[in-house]
Structures are given as C-alpha cells and as structure tokens.
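Student: Below is one structure. I have some questions about it.
The values are calculated or read from the model by the stated rules, or taken from the named source; none is laboratory data. Every value quoted in this text rests on a predicted model; they were computed, and no experiment measured them. Ideal geometry is used to build each Cβ from the backbone, glycine not excepted, and the neighbour counts take in all protein chains shown. Areas reflect the complete protein model, heavy atoms only, side chains present, ligands, DNA and RNA absent. Shrake-Rupley method; radii C 1.70, N 1.55, O 1.52, S 1.80 Å.
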Amino acid sequence: MEEKNKKIITPFLKGERVDLCPTNVENAERYALWINNPEGRLYARNPLPSSIEEIKKKYGPPGEGMPEEISFEIYHKKDKKPIGLTGFLHINWLNRNANLFINIGEVEYWGRGLAEEVAKLVIQYGFEELNFHKIFTSIFTPNERSLRVAKKIGFVYECTLKEEIFVNGKFVDREKFALFKYDWLNK
Amino acid sequence: MIEEKEIAPFIEGKNISLVASNLKFIDLYAKWDNDPAFRHVSRNFIPISPEAFKKFFEKKQPNPPNEIFLNIWHKKDQKLIGYIAFNHIQWANAIAGIGLVIGEKEYWGKDVGTEAVALFLDYGFNELSFFKITGSMFHVNVGSWRVAEKVGMTREIVLKKQAYVRGEYVDEYQYSMFKDEWQQKRKQFKFLLSNDEVKISE
C-alpha cells in the first residue's frame, strides 16, 4: 500500500516490528474501519456502531485530570502504516489497575505474533511508567487466539463471569486474567 | 455559626474529626486565609474573597481529583477550626503534598494540627495507597514544621531564601514521609489504632 503523505511518525514506545504512537484524529477514518469491522468487533464485543465524529472525539485531545483511558496507534515499521489500536481502558488511578486492550484492526496482520509484542510494550509501560499494580484483561470464550497470547505473556486466570455478554446470538462467558507488577518484574 | 447537623465526618480522630466541605463554610475559609497572623507565614499576599472559595468548590473536580479537601471539626468545642488538604496529587507516582490550616488561632500549639496531619497521613498511605507524602512551609511558620516533625516527617530539603516574608527573605523547608516509615510511626498514635479496631470489626 502506498503511503500518500509523508507524515512524521512519533513513536512513544519502541518495539521490534511495531512502534506504539499517539493516536491521531487524522487517521479517524481508518480507526472507524477497525472499530466497526464485523469480525474484529465480534471479539472486541463492540455491538454498537461508532461514527467518525465519536471516534474523533474519543481520540482527540484529552480532557482535564487523569485519563480513564490511554490509547496508542500500532504502527507497523516495515510496512509503514498503522495497523491497529492498543492501550488501557478503565484506568483506576487510586487502586492503580487497568484493563489492557489490543485491537489489530488490519485483519491480514492477525496470526503473526504482533499482539504479543504489542502487549509486552503496553504492559511494560503500565508497570514501569504508570506504576500500575495490576493489569487485567478479559477474554470472551471462545477466543482461542487471545487466550494463547494472554497465557504466553504470563497472565494468570482469575475468574469466569458466566454468560456475561451476548455475542453472535448467544450469551458467552468472560474469563478474567490478571498480571501483577511484582510477577512481571521478576520475569 | 456552624451547627453539628451540618457536619459530615469522613475521618474520626480523638479530639477532632475531618469533615466534608459545605458551601456554608466559605466565610470561615476567607476569614482564615486573610488573617494576617496566618497569611504572612504562608505567603498569601493577595486578598481572597469567600466568592473565590465558592467558585473553587463549585468547580467540578476531575476523577480522580487533583486535590482532596477536608475540614477540621473540634468535637468537644463543636467548632470548625481549620482545613487540611492533599494538593498536587500525582496519581501515577502515588505522591501528594499536604496543606494544613489551623485558622482559629486559639488552637495553635494544642496538638490539633498534629492530630489532623496524623489522620491525614494514615488516610493517604492506607486508604489512597500513596507512596510518599510531602509538606512544604517557610521556616518562619514554626508551628507548621513542628507539626511535621511531631508526626515523624523528615526535612528533605531546604530551599535558601525562597520567599519574601515581612520584608526579608526566608528559607523554605520541604518535609517528606514514606509509606513504610509511617507504618512504624503510626503505632505511636493511639487514636489511629482504635480506628483499626473499627475497620476490623466491620
């Protein structure tokens, strides 16, 4: 794919194959594709459509105070293009925990081990820069791909919330996984 | 006159409780912050009106807040005597600064400030999970740094001639305390231990 405009890329977290950059409202249309993508949103349990305007607002300049979410654009270095979004949701600054999310929006990049690289960058940032104590992730069964990534990284199963969400015509369980700072630092 | 029914205690101490704010208290805040005896040593060199406090309290705080503000209520005397606050809260670093005002001067030197700060340190370390708590004052504010020393804070830095007070430059002290130090120190404050019993029995 040809990159039309030579934009300056501003990596915030540097990885091997990907960099994590600040979100950019100029790419809102791309985000809209990823967020609304029927296959992607199935796993991201995103049953409501997101308009460009909503996305621009969400990824635009932050409001006052500590953010409840921190997002990055996943930038593929070799292919020179953004391929998804990642970051933390539901940040609880008092208890110092948050929910990790990864959305590899460009479907052709699935299954290449990129999520694992992304997760490690975001987790390191969460523990070593944001000083989190605990990072959660939750996976709706069945989602073998995410499950494998979570286990590889060292997330530990915590609990199952039964029939927590309605996906694809039926209620499915949510499995919660967690990672603690002391376990991560010892790894 | 503030009545007891307008008081909503948030933290119980021995002689005082730390109580939630109420817009009815703004005249008192203005009285305390403008009082020459107090304002010189804390360097409030611009007059502040009750309206300014009203504006401050009406402003919606972000979540989590940048500041946490409580009033000091003297239980026996049924009187508001000052306020205490965490300001400049850095949530990611888990560090905050303490600000203390004992506005009613007849309570100076009576250890109510020490009690308020001890309650607040315990709140900061054991409820808000702070890692470090700091407090700054000018050296002419002797009451204030005595309180810091009584609760066991350490004078971490001295900033030379950092403020101009009553015609001369004075030093600023910065005190600090870490969570692990406090867990030892708190044992000396019996009223905190009685709060622990309340927590356990729940």
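Student: Can you tell me which residue is most open to solvent (accessible area, probe 1.4 Å) among those in the stretch A:113-141 that are within 25 Å of residue A:168 (Cβ to Cβ), over 12 Å from the mean Cα position of the chain (by Cα) and of a type outside the set (Phe, Trp, Tyr)?
Tutor: Checking each candidate, the answer is A:141.
Student: Out of A:60, A:40, I need the residue that is away from every other protein chain (no Cβ under 14 Å) and in contact with a Gly (Cβ under 8 Å, 6 or more places away or on another chain). Which one?
Tutor: A:40
Student: Can you tell me which of (1) within 14 Å of chain A (Cβ to nearest Cβ); (2) in a loop (DSSP other than H, G, I, E, B) is the one residue B:89 doesn't meet?
Tutor: Failed condition: (2).
Student: For the condition within 14 Å of chain A (Cβ to nearest Cβ), in contact with a Phe, Trp or Tyr (Cβ under 8 Å, 6 or more places away or on another chain) and either of a type outside the set (Lys, Arg) or buried (at least 19 other Cβ atoms within 10 Å of the Cβ) (or both), what is the one hit in B:94, B:30, B:20, B:118?
Tutor: Within the list B:94, B:30, B:20, B:118, the selection yields B:94.
Student: Residue A:70 - would you say it is open to solvent by 20 Å² or more (accessible area, probe 1.4 Å), more than 12 Å from chain B (Cβ to nearest Cβ) and of a type outside the set (Lys, Arg)?
Tutor: In short, no.
Student: For residue A:90, all conditions in the list (1) open to solvent by 10 Å² or more (accessible area, probe 1.4 Å); (2) outside any strand (DSSP E or B); (3) not β-branched (Val, Ile, Thr) hold save one; what is the number of the exception?
Tutor: Checking residue A:90 against (1) open to solvent by 10 Å² or more (accessible area, probe 1.4 Å); (2) outside any strand (DSSP E or B); (3) not β-branched (Val, Ile, Thr), the one that fails is (2).
Student: Okay, moving on. Would the stretch B:136-148 turn up any residue that is in contact (Cβ under 8 Å) with a residue 60 or more places away in the chain, of a type in the set (D, E, K, R) and open to solvent by 10 Å² or more (accessible area, probe 1.4 Å)?
Tutor: No, that holds for no residue.
Student: Follow-up. Being without any contact (Cβ under 8 Å) to a residue 40 or more places away in the chain and within 20 Å of residue B:179 (Cβ to Cβ) narrows it down to one of B:133, B:95, so name that one.
Tutor: Residue meeting the stated conditions: B:95.
Student: Just need a number here: residues in the stretch A:107-157 that are touching an Asp or Glu at 6+ places or on another chain (Cβ under 9 Å) and acidic (Asp, Glu).
Tutor: Result for the stretch A:107-157: 1.
Student: Of the residues that make up the stretch A:103-123, is at least one within 12 Å of chain B (Cβ to nearest Cβ) and under 30 Å from residue B:65 (Cβ atoms)?
Tutor: Checked against the condition, which is being within 12 Å of chain B (Cβ to nearest Cβ) and under 30 Å from residue B:65 (Cβ atoms), the stretch A:103-123 yields no hits at all.
Student: Same structure, new question: Determine which single condition residue B:103 fails, assuming it passes every other condition in (1) touching a residue at least 60 places away in the same chain (Cβ under 8 Å); (2) open to solvent by 60 Å² or more (accessible area, probe 1.4 Å); (3) of a type outside the set (Val, Ile, Thr); (4) under 18 Å from residue B:42 (Cα atoms).
Tutor: Only one criterion is unmet by residue B:103, namely (2).
Student: So which of A:45, A:41, A:30 is modelled with pLDDT of 80 or more and surrounded by 14 or more Cβ atoms within 10 Å (Cβ to Cβ)?
Tutor: Residue meeting the stated conditions: A:30.
Student: Check residue B:78 against each of (1) at positive phi; (2) crowded, with 16+ Cβ neighbours inside 10 Å and name the one condition it does not meet.
Tutor: Checking residue B:78 against (1) at positive phi; (2) crowded, with 16+ Cβ neighbours inside 10 Å, the one that fails is (2).
Student: Need the failing condition index for residue B:135 against (1) more than 11 Å from the chain's Cα centre (by Cα); (2) modelled with pLDDT of 95 or more, just the number.
Tutor: Condition (1) is where residue B:135 drops out.
Student: Restricting the first residue to the stretch B:49-76 and requiring it to be of a type in the set (Gly, Ala, Ser), which pairs with a second residue that is surrounded by 14 or more Cβ atoms within 10 Å (Cβ to Cβ) meet a Cβ separation below 7 Å and a spacing of at least six or different chains?
Tutor: B:49/B:30
Student: So which residues in the stretch B:1-17 are open to solvent by less than 80 Å² (accessible area, probe 1.4 Å), part of a loop (DSSP other than H, G, I, E, B) and under 13 Å from residue B:74 (Cβ atoms)?
Tutor: Scanning the stretch B:1-17 gives B:2, B:7, B:13, B:15.
Student: Then there's this: Can you name the number of the only condition in (1) in a loop (DSSP other than H, G, I, E, B); (2) of a type in the set (Asp, Glu); (3) at pLDDT 90 or above that residue A:2 fails?
Tutor: With respect to (1) in a loop (DSSP other than H, G, I, E, B); (2) of a type in the set (Asp, Glu); (3) at pLDDT 90 or above, residue A:2 is out only on (3).
Student: Still on this structure: Working carefully through the options B:151, B:165, B:198, find the one that is open to solvent by less than 60 Å² (accessible area, probe 1.4 Å), of a type in the set (Val, Ile, Thr) and modelled with pLDDT under 95.
Tutor: After applying the criteria, what remains is B:165.
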